[in-house]
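Peer 1: Before anything else, here's the structure in question.
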Amino acid sequence: MSETSWTDRLLGGFRKTSERLGENLTAAANSKLDEATLDEVEDALIMSDLGPSAAARIKDKLRERRFGLEITERELKEAVADEIAAILRPVAKPLEVTAFPRPQVILVIGVNGSGKTTTIAKLAHWLQEDDYGVMLAAGDTFRAAAIGQLATWADRIGVPIIRGPEGGDPASIVF
């Protein structure tokens, strides 16, 4: 059995967002790509946390290439996937952690419910497997239970965690 690469595993972690996007696009699918359908596609993209500028760019590309044409649900999903890939391609690069200088900091940001905490735990575990020392810092002091969730992951993978009080100053914790 061949081992999947770390990148493949990380991208597999985006499955929940991908499924939500697919469900939202299914609701927007129509037989003809008209202005109303494009608006539904844009709304579906925004509801799937793609962001307004990316959603507008994808909507514009669909309008430019397919407006007025018949489009199946599968074709719509493939067209959206191609545009998302085109947006990400110029900025995609592997995570390279070098031994020096130390320490190195990885900042993880994103919207609520997008999988940040789970991704942090996966990164921490992966780095541990490569014999790096890992420490987590609970900088999200404002979301209820965020510190506790990160602490649970820190305990599971056996790494120390720096935390402060809920509602405390995130910069002081990160510092």
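Peer 1: Could you tell me which of the residues VAL134, VAL111, VAL97 is open to solvent by less than 60 Å² (accessible area, probe 1.4 Å) and modelled with pLDDT under 85?
Peer 2: VAL97
Peer 1: Which one of THR118, THR141 is within 30 Å of ILE46 (Cα to Cα), hydroxyl-bearing (Ser, Thr, Tyr) and open to solvent by 40 Å² or more (accessible area, probe 1.4 Å)?
Peer 2: Going through THR118, THR141 in turn, the sole match is THR118.
Peer 1: Next question. For ALA79, which of the numbered conditions (1) touching a Lys or Arg at 6+ places or on another chain (Cβ under 8 Å); (2) exposed (fewer than 12 other Cβ atoms within 10 Å of the Cβ) fails to hold?
Peer 2: Failed condition: (2).
Peer 1: If you don't mind, another one. Anything in segment 153-168 that is over 20 Å from TYR132 (Cβ atoms) and either surrounded by 14 or more Cβ atoms within 10 Å (Cβ to Cβ) or in contact (Cβ under 8 Å) with a residue 60 or more places away in the chain (or both)? List them, or say none.
Peer 2: Listed by number, the residues that qualify are ARG163, GLY164, GLU166, GLY168.
Peer 1: May I ask you to list the residues in segment 160-170 that are part of a loop (DSSP other than H, G, I, E, B) and modelled with pLDDT under 95?
Peer 2: Answer for segment 160-170, where residues must be part of a loop (DSSP other than H, G, I, E, B) and modelled with pLDDT under 95: ARG163, GLY164, PRO165, GLU166, GLY167, GLY168, ASP169.
Peer 1: Separate question: Kindly establish whether VAL91 is open to solvent by less than 80 Å² (accessible area, probe 1.4 Å), more than 21 Å from ASP43 (Cα to Cα) and at pLDDT below 90.
Peer 2: In short, no.
The values are calculated or read from the model by the stated rules, or taken from the named source; none is laboratory data. For clarity, every value in this text was computed on a predicted model and none was experimentally measured. Backbone-built Cβ (ideal geometry, glycine too); neighbour counts: all protein chains shown. Calculation scope for accessible area: heavy atoms of the full protein, side chains included, ligands and nucleic acids excluded. Shrake-Rupley method; radii C 1.70, N 1.55, O 1.52, S 1.80 Å.
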